[in-house]
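The values are calculated or read from the model by the stated rules, or taken from the named source; none is laboratory data. All values reported here derive from a predicted model rather than from experimental measurement. Positions of Cβ are backbone-derived with ideal geometry, glycine not excepted, and every protein chain shown enters the neighbour counts.
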């Protein structure tokens, strides 16, 4: 989807709603540099979608932004050796350590908090 971006504020990209997508659905955003950036659908209303970019928005321009909805949420791999590690916003280890062996995957947004 291109030509739908209406505003970019820090890590938030606002789009005209032209498709039915799900909350927390994974999104690939590409700017004029062609570099893919991962994000998620953070809010939906009748006319707009709000995309939260989990990587830098530096270099994005509204006129050159293309968005592709991936049809599923973002997952994070869990396994032994994860404690004490440092990860970026999309779950990649950034501390120079070895890859974490994945034993289980969970949705990155987690479960809702029970207000009671």
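Does the stretch 26-36 contain any residue that is in a loop (DSSP other than H, G, I, E, B) and in contact with a strand residue (DSSP E or B) (Cβ under 6 Å, 6 or more places away or on another chain)?
Checked against the condition, which is being in a loop (DSSP other than H, G, I, E, B) and in contact with a strand residue (DSSP E or B) (Cβ under 6 Å, 6 or more places away or on another chain), the stretch 26-36 yields no hits at all.
Condition (residue is modelled with pLDDT under 95, in contact with a helix residue (DSSP H, G or I) (Cβ under 6 Å, 6 or more places away or on another chain) and surrounded by 13 or more Cβ atoms within 10 Å (Cβ to Cβ)) applied to the stretch 16-31: is it met by at least one residue?
yes
Going residue by residue through the stretch 62-69, is there one that turns out to be under 28 Å from residue 97 (Cα atoms) and not assigned by TED's automatic domain parsing to the domain that holds residue 98?
No, the conditions are met nowhere in the stretch 62-69.
Scan the stretch 91-102 and give yes if some residue there is in contact (Cβ under 8 Å) with a residue 24 or more places away in the chain and more than 18 Å from the chain's Cα centre (by Cα), otherwise no.
yes
For residue 70, only one of the following conditions fails: (1) at pLDDT below 95; (2) farther than 18 Å from residue 11 by Cα; (3) under 18 Å from the mean Cα position of the chain (by Cα). What is its number?
Going through (1) at pLDDT below 95; (2) farther than 18 Å from residue 11 by Cα; (3) under 18 Å from the mean Cα position of the chain (by Cα) one by one, residue 70 breaks only (1).
Going through 17, 40 one at a time, which residue ends up being assigned by TED's automatic domain parsing to the domain that holds residue 65 and within 17 Å of residue 91 (Cα to Cα)? I'd like the intermediate steps shown before the answer.
Working: 17 fails: within 17 Å of residue 91 (Cα to Cα).
Just one listed residue meets the conditions, 40.
Every residue in the stretch 20-36 that is free of Cβ contacts under 8 Å to residues at least 24 places away in the same chain and within 16 Å of residue 4 (Cβ to Cβ), please.
Once the filter is applied, which keeps residues that are free of Cβ contacts under 8 Å to residues at least 24 places away in the same chain and within 16 Å of residue 4 (Cβ to Cβ), the stretch 20-36 yields only 20.
Is there a residue in the stretch 103-113 that is closer than 16 Å to residue 12 by Cα and assigned to a strand (DSSP E or B)?
no
Can you tell me which residue among 11, 99 is at negative phi and exposed (fewer than 12 other Cβ atoms within 10 Å of the Cβ)?
Just one listed residue meets the conditions, 99.
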